[in-house]
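Colleague: Before I ask anything, here is the structure I am working with.
Derivation of every value follows stated rules applied to the coordinates shown; laboratory data play no part. Predicted, not measured: the structure shown is a model, and the values here were computed from it. Positions of Cβ are backbone-derived with ideal geometry, glycine not excepted, and every protein chain shown enters the neighbour counts.
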Amino acid sequence: MRDLILTLSCTDRPGIVALVAGFLADRGFTIRDSQQFGDVDTGLFFMRVHAAREGALDLRKLRGELLDTVAGPLNAEARLHDPSQPHRMLVMVSKQGHCLNDLLHRVRTGSMPASISAVVSNHESFRDLVEWHGIPYHHIPVSPDSKRSAEDELRKLVATYAVDTVVLARYMQILSDDLCRDLAGRAINIHHSLLPSFKGARPYNQAYARGVKVIGATAHYVTADLDEGPIIEQDFTRADHTMDASDLIAIGRDLEALALARAVTAHAEQRVLLNGSKTVVFR
């Protein structure tokens, strides 16, 4: 059997599910799993279908038929994905490697449906670790004077490696507005707080100063508005008065790695659909 993932978003109206099911049935697919959500606030409808059939898949032909039969009549954004093809990631990191190390381990053990095509860093700190995993490591220094050329080099790497998603695994540089637009919907960042609280730098110190009782981490899509991108995943744990800022930082590292891994996995499995400034995340 060959598997196929169909995702769709459009203005809600009667008959969408029937139209999608008919499109798949007419081409010999059986539906293994189907999830849908109608947002009463925005009037939008979201759908993810996992289907399968015997024989080869001609994705190019199927995508053309999907456009003519479903996406066109519904004025919808509809896509087909082949889950047998690994989702290709480029990971970016600075000097803190806990999220990078977690991603490397998950990919190496097959617990994440993705591959890491390359790692980019503005430091040399993790070259030995990354190259031990057999993954290319690219050192791209960033300064106020070199920021534009550094981002141009990054764009070339994204194209060279045919990257599906850029993952900022504690990459401590702010991307330019132009680069954020170029990577819209395919760049994921991990922020070390429960956004929208404690945005920007040193959020654990901010949280400690406020005496919070819950700390957490937020994985979100990157946008030009710093730490304002649509949220994909969050994780948290309770804190108390005995913990100082260093305790919160240590606990937070685990939360960051878990939240980022869950977000990347959901994104790679085509379970995340954009809904304006929010997301629909199918489980």
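Colleague: For the chain, which semi-axes, largest first and in whole Å, follow from the square roots of 5 times the eigenvalues of its Cα gyration tensor?
Modeller: Semi-axes, largest first: 35, 23, 18 Å.
Colleague: Now for a separate question. Once amide H atoms are placed 1.01 Å from N in the peptide plane, what residues at a sequence separation of 5 or more from residue 118, or on another chain, have their amide H within under 5 Å of its amide H?
Modeller: 91
Colleague: Report the full-extension gain for the segment residue 115 to residue 17: residue separation times 0.36 nm, less the Cα-Cα distance, to one decimal in nm.
Modeller: Using 0.36 nm per residue and subtracting the Cα-Cα distance, I get 32.0 nm.
Colleague: Follow-up question, since we're still on this one. Modelled label-to-label distance, residue 202 and residue 58, 7 Å Cα→beta-carbon offset: nm?
Modeller: About 6.2 nm separates the two model spin labels.
Colleague: Please list, ordered by chain and number, the residues whose modelled amide H lies under 5 Å from the amide H of residue 87; skip anything fewer than 5 residues away on the same chain.
Modeller: Hits under the 5 Å cutoff: 114, 115.
Colleague: Of 91, 136, 236, which is farthest towards the positive pole of region 87-281's charge dipole, taken about the Cα centre with +1 and -1 on the beta-carbons of Lys, Arg and Asp, Glu respectively?
Modeller: Among 91, 136, 236, the one farthest towards the positive end of the dipole of region 87-281 is 236.
Colleague: Work from the charge dipole of region 2-81 (Cβ charges, +1 for Lys and Arg, -1 for Asp and Glu, about the Cα centre) and give the residue of 14, 25, 70 farthest towards its positive end.
Modeller: In region 2-81, that residue is 25.
Colleague: Just want to confirm a number: the relative contact order over the chain, from Cα pairs under 8 angstrom separated by 6+ residues, in percent.
Modeller: In percent, rounded to a whole number, it is 15.
Colleague: Could you derive backbone 3J(HN,Hα) for region 5-14 from the dihedral phi with the Karplus parameters 6.51, -1.76 and 1.60 (θ = phi - 60°), listing whole Hz in sequence and x where the residue is Gly or Pro?
Modeller: Coupling constants for region 5-14: 10, 10, 10, 8, 9, 6, 5, 5, 6, x Hz.
Colleague: Please work out how much length the chain gains when fully extended from residue 254 to residue 33, using 0.36 nm per residue of separation minus the C-alpha to C-alpha distance, in nm with one decimal.
Modeller: 76.4 nm
Colleague: Right, here's the next one. Using helices alone, what [θ] at 222 nm do you get for the chain, with -39,500 (n - 2.57) per DSSP H run of 4 or more residues, divided over all residues and rounded to the nearest 500?
Modeller: Estimated from H runs of four or more residues: -9500 deg cm²/dmol.
Colleague: Could you pull out every residue, at least 5 positions away or on a different chain, whose amide H is within less than 5 Å of the one on residue 168? Hs are placed 1.01 Å off N in the peptide plane, and Pro or chain starts have none.
Modeller: Here 92, 188, 189, 190 satisfy the definition.
Colleague: Where does each of 257-265, 221-229 land if you order them by average Cβ count within 10 Å, highest first?
Modeller: Put in order of decreasing packing, that is 257-265, 221-229.
Colleague: So if we plug the beta-carbon distance of residue 129 and residue 176 into 1/(1 + (r/R0)^6) with R0 = 30 Å, what FRET efficiency do we get, rounded to 0.05?
Modeller: 0.60
Colleague: With θ set to phi - 60° and the Karplus curve 6.51 cos²θ - 1.76 cosθ + 1.60, what are the ³J(HN,Hα) couplings of region 152-157 in order, to the nearest whole Hz, using x for Gly and Pro?
Modeller: Those phi angles translate into 5, 5, 5, 4, 5, 5 Hz.
Colleague: Another one. Could you please report the charge total around residue 51, scoring K, R as +1 and D, E as -1 over all other residues with beta-carbon less than 11 angstrom from its beta-carbon?
Modeller: Working: positive: 2, 27, 32, 48, 53; negative: 3, 33.
Taking every Cβ under 11 Å from that of residue 51, the sum is +3.
Colleague: Only Lys, Arg, Asp and Glu count, each charged at its Cβ (+1, +1, -1, -1), so figure out the dipole size of the chain about its Cα centre, rounded to 20 debye.
Modeller: So the dipole magnitude of the chain works out to roughly 300 debye.
Colleague: Rg/Rh for region 149-283 to two decimals, with Rh computed the Kirkwood way over all alpha-carbon pairs.
Modeller: Computed over Cα atoms, the ratio is 1.00.
Colleague: Defining a contact as two alpha carbons under 8 Å apart and six or more residues distant in sequence, what relative contact order in percent does region 2-81 show?
Modeller: 46 percent
Colleague: Still on this structure, please answer the following. How would you rank 29-35, 74-80, 119-125, highest first, on the average number of other Cβ atoms within 10 Å across their residues? All intermediate terms of the calculation are to be shown ahead of the outcome.
Modeller: On the way: 29-35: 14.1, 74-80: 16.6, 119-125: 18.9.
Top of the packing list down: 119-125, 74-80, 29-35.
Colleague: Pop out the Kirkwood hydrodynamic radius of region 2-81 from its pairwise C-alpha distances, inverse of mean 1/r, in Å to one decimal.
Modeller: When all Cα pairs of region 2-81 are included, the Kirkwood radius is 12.7 Å.
Colleague: Let me ask something else. Across region 134-139, in residue order, what do the Karplus-derived ³J(HN,Hα) couplings come to in whole Hz, using 6.51 cos²θ - 1.76 cosθ + 1.60 with θ = phi - 60° and x for Gly and Pro?
Modeller: Couplings: x, 10, x, 10, 10, 8 Hz.
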